[in-house]
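Notes follow the structure.
The values are calculated or read from the model by the stated rules, or taken from the named source; none is laboratory data. Quantities reported herein were computed from a predicted structural model and do not represent experimental measurements. Cβ placement follows ideal geometry from the backbone for every residue including glycine, while neighbour counts extend to all protein chains displayed.
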Amino acid sequence: MTQFIPIPSGGRVQRADIPHLPFDSFRTQALEIVKNGGKVVHFFAYEDQGSMKLMAVLRTDRLLAAGCDAPDTYPCLTKACEPFHLFEREIAEQYGIRPEGHPWLKMVRYHENIRKKPDVFNNDYTHDIPGNYDYYQVKGDEIHEVAVGPVHAGVIEPGHFRFNCIGERVLHLEIQLGYQHRGVEALLQTAKPKQLPILAENIAGDTTIGHGLCMAQAVEALASVQVDAGAKIIRTIALELERLANHIGDLGALCMDVAFLAPANYFGRIRGDFLNLSLLLCGNRFGKGLVRPGGVRFSLDDDIRKTLDERIKELKPQVEHVLELIFSASTVRARFEGCGSVRAEDADHLGLVGPAGRASGLAYDARRCFATEHYPHLLIPENAKATGDVYARARVRYDEVHQSIEIIQFLIGKSVDTQPVEGGTQALQALAPSSFAVTLNEGWRGEVSHAVLTDDAGNILRYKVKDPSFHNWNGLAMALRDTGISDFPLNNKSFNLSYCGFDL
Amino acid sequence: MLTILKNRFEQGYRTCNYPKEKPAVFSRYRGKPVIRKTADQDMVSACADACPQDAIDVDNKKIDMGRCIFCGTCERLSKGEFVTFTGDFEISTAKKEDLLTDGDLPSLAQHAKQHFKKLFGRSLQLRQVSAAGCNACEADLNVLATPFFDLARFGINFVASPRHADAIVVTGPVSRNMKTALLQTYEAVPEPRVVIAVGSCTLTGGPFSHSAEVAKGLDTILPVDLFIPGCPPHPLTNLHGLLAFFKA
């Protein structure tokens, strides 16, 4: 019988109501829930009045939470249950708490722990290269290694990839990130109210709305602020525009990687057209400055709504025709199909989310399962094409592009009325003391979640951010197993994960 | 085959005519800030207090475009009495101090390093380095390669190797963990080399400037030749910066 209690997604809970269990029962029960199909949304440490504590938020068909005192070392959970793997490494790195027996205890982002405890990984942080570490090695006469990054050949973020190959075949890919670490969580904990929304929007610029919404909803829950129906519609439109721009960009880039240049260029241009629609809405192509605690900063006036409608009507047939061009090309299908497959069982163990998870048969979509904003009134269908390969990851995007266009057209069909808010700073100055809020939204890469704890004075005690990429990078490593190394760019693009969202 | 041809006709010719004509940008776009010097001092102070980036110089009534993220808080608070963000996207500067502005920017084309125009005016190869950028600046640089902007028609390209590059284009607040890789990339570029800083984070640390993990501006690490402000800079801002700085 579990003592974890259900908590509302996007709602406020008194910290006193969250069970504080002895460590052993916390461990046993968390393992039990996840072994029975539960997923880890958050598992993090925090310091409260001089003592260290752990908190877990797990997901079944609802959210379950419990906490415990954090021992200095403890028998790891990962060995019994893989989805805890990266979370335990993160806790070890952030607070110097050692999970004994962890099968792959290495640093996540390469920084000193907050408590100045002896480093769990024996790193010397005067050496400022996160790649300064003994990579996993495969031994044998024919084995060779390929090292890529941190600076990549394109205009993209930095990270290191280490391939162990036999001939052209990849036996193992190890991904080491951390180059982008900016100290986001520490900043969020100490930020002035006027800075908090800006920081949230810059966690990952391509997921500005996803992270912005998680921040705003958490503050709204903690400050008991209501958002009007119009603002919820505008936020939903913005999140779908973000999804459209990114999915279309990804589909174009996938074409580039299989040398089908015409649709790559069409979608490159059309992606920009969708970014411009975010600019139409709020003056910024990535939606920065739109979402604030309490609502949105820009109303959807009828003239803006009309322009939006006209543009979407103009773009929709172009998008459909390019999609048809891509998916009817036998050369594209020949390259996409069967490439970089991730089995449903592996996806489940790794805890994949978003299009990558759905492509491998994990139907979860936060828009349907934990609907926020206007999503309770919308129908989000389940994905049925789950072959787990590049084709499936492209096909999920194909479906979602169609759905997002439909959603936006439906929402801008009638007048939207909202009272714009400015900085939302008032709400931020009145957070409920000793409370906890967890928010989830389906960003274009999958489940984005923020967890916020307040102390007894209503200050932010711990601000935990989780980008979907935190779950999905290992999915890319898994996809590359036994795949030709020349298919890495294609697979990488089919996941298109965030470096800065992971590195924080 | 028929689908390919049909699509090609539907797509048509999409490249903008910039710099001959300025493309229209939607009205809510916030470009160059222009300041009214007659604004009431209390109003200026109120704007400075509300500015999430602390980008307003109250005494001189100026705004620091290096820190500014163009959120428009000051414009809305002062109802345009102190600041208005115009639709002008041509806001890059060759000197950091020029970023502190009242809206009167020196002509970028007249910068002090005119020999760069002779060297790189007909062919300019760029190596982009993201040093903890949030992927917004990166995306709006990447978009320059798409048909609408078509950077290659000016003889400008992004290249894969710093050995092939004339300049590095840096985005992001330069995290501690990226500093060495950035410096190594810079050193790999043959001299004379140009350094271009893109985005508020790169110019001053931006929203992350309070973190010990990042630099307070690329110019504290490398000599910067061209400063392109914005969060992120509009692709047309990037394009203008490159053309005005390098073309005759």
Could we say that A:Gln217 is polar (S, T, N, Q), away from chain B (no Cβ under 14 Å) and crowded, with 24+ Cβ neighbours inside 10 Å here? yes
Would you mention how many residues in the range B:206-223 are β-branched (Val, Ile, Thr) and more than 10 Å from every other protein chain (Cβ to nearest Cβ)? 2
For the range B:110-126, state whether one or more residues are within 19 Å of B:Ser45 (Cβ to Cβ) and within 14 Å of chain A (Cβ to nearest Cβ). no
Taking interchain pairs and intrachain pairs at least six residues apart, which have beta carbon atoms under 7 angstrom, with the first residue in the range A:27-41 and in the same structural domain as A:Pro75 (by TED's automatic domain parsing) and within 13 Å of A:Cys68 (Cβ to Cβ) and the second part of a helix (DSSP H, G or I) and among the basic types (Lys, Arg)? none
Quick check on the range B:235-247. Is at least one of its residues assigned to a loop (DSSP other than H, G, I, E, B) and either touching a strand residue (DSSP E or B) at 6+ places or on another chain (Cβ under 8 Å) or at pLDDT 95 or above (or both)? no
Give the residue that is surrounded by the fewest Cβ atoms within 10 Å (Cβ to Cβ), with candidates limited to residues of the range B:131-171 that are more than 21 Å from A:Ala245 (Cα to Cα) and facing chain A (nearest Cβ under 7 Å). B:Ala160
Is it the case that some residue within the range B:44-53 is free of Cβ contacts under 8 Å to residues at least 40 places away in the same chain, farther than 25 Å from B:Phe246 by Cβ, part of a helix (DSSP H, G or I) and touching a Phe, Trp or Tyr at 6+ places or on another chain (Cβ under 8 Å)? yes
Restricting the range A:335-375 to residues that are in a loop (DSSP other than H, G, I, E, B) and of a type in the set (Phe, Trp, Tyr), which is farthest from A:Ala479 (Cα to Cα)? A:Phe370
Tally time: how many residues in the range A:1-14 are touching a residue at least 12 places away in the same chain (Cβ under 8 Å) and more than 25 Å from the chain's Cα centre (by Cα)? 3
Residue count, the range A:239-254 (criterion: within 15 Å of the chain's Cα centre (by Cα) and within 13 Å of chain B (Cβ to nearest Cβ)): 2
Extreme residue, surrounded by the most Cβ atoms within 10 Å (Cβ to Cβ), among residues of the range B:189-242 that are without any contact (Cβ under 8 Å) to a residue 40 or more places away in the chain and closer than 18 Å to B:Ile56 by Cα: B:Gly205
Take the conditions among the hydroxyl-bearing types (Ser, Thr, Tyr), more than 13 Å from chain B (Cβ to nearest Cβ) and within 29 Å of A:Tyr463 (Cβ to Cβ) and apply them to A:Thr236. Does it pass? yes
Return the residue satisfying two criteria in turn: it lies in the range A:114-124 and is within 14 Å of chain B (Cβ to nearest Cβ) and surrounded by 13 or more Cβ atoms within 10 Å (Cβ to Cβ), and of such residues it is farthest from B:Glu213 (Cα to Cα). A:Asn123
For A:Thr331: the one exception among (1) in contact (Cβ under 8 Å) with a residue 12 or more places away in the chain; (2) surrounded by fewer than 24 Cβ atoms within 10 Å (Cβ to Cβ); (3) under 20 Å from A:Arg62 (Cβ atoms): (3)
Scanning for something in a helix (DSSP H, G or I) and small (Gly, Ala, Ser), does the range A:289-307 turn up at least one residue? no
So A:Arg109 fits all but one of (1) touching a strand residue (DSSP E or B) at 6+ places or on another chain (Cβ under 9 Å); (2) under 23 Å from B:Lys179 (Cβ atoms); (3) of a type outside the set (Val, Ile, Thr); what number is the exception? (1)
Restricting attention to helices (runs of 4 or more DSSP H) lying wholly within the range A:430-504, give those where 3 or more residues are crowded, with 24+ Cβ neighbours inside 10 Å and among the small types (Gly, Ala, Ser). A:469-480
So if I check each of B:Lys79, B:Lys95, which one is free of Cβ contacts under 8 Å to residues at least 12 places away in the same chain and among the basic types (Lys, Arg)? B:Lys79
Could you tell me which numbered condition B:Asp104 fails, if it satisfies all but one of (1) away from chain A (no Cβ under 11 Å); (2) surrounded by 20 or more Cβ atoms within 10 Å (Cβ to Cβ)? (2)
Could you say whether any residue in the range B:68-89 is touching a Leu at 6+ places or on another chain (Cβ under 9 Å), over 30 Å from A:Leu428 (Cβ atoms), buried (at least 18 other Cβ atoms within 10 Å of the Cβ) and within 12 Å of another protein chain (Cβ to nearest Cβ)? yes
Taking the residues in the range A:138-159 that are more than 9 Å from chain B (Cβ to nearest Cβ) and part of a loop (DSSP other than H, G, I, E, B) as candidates, determine which candidate is farthest from A:Phe470 (Cα to Cα). A:Asp141
Hey, any hits in the range A:314-332 for a residue that's more than 14 Å from every other protein chain (Cβ to nearest Cβ), of a type outside the set (Lys, Arg) and in contact with a Pro (Cβ under 9 Å, 6 or more places away or on another chain)? no
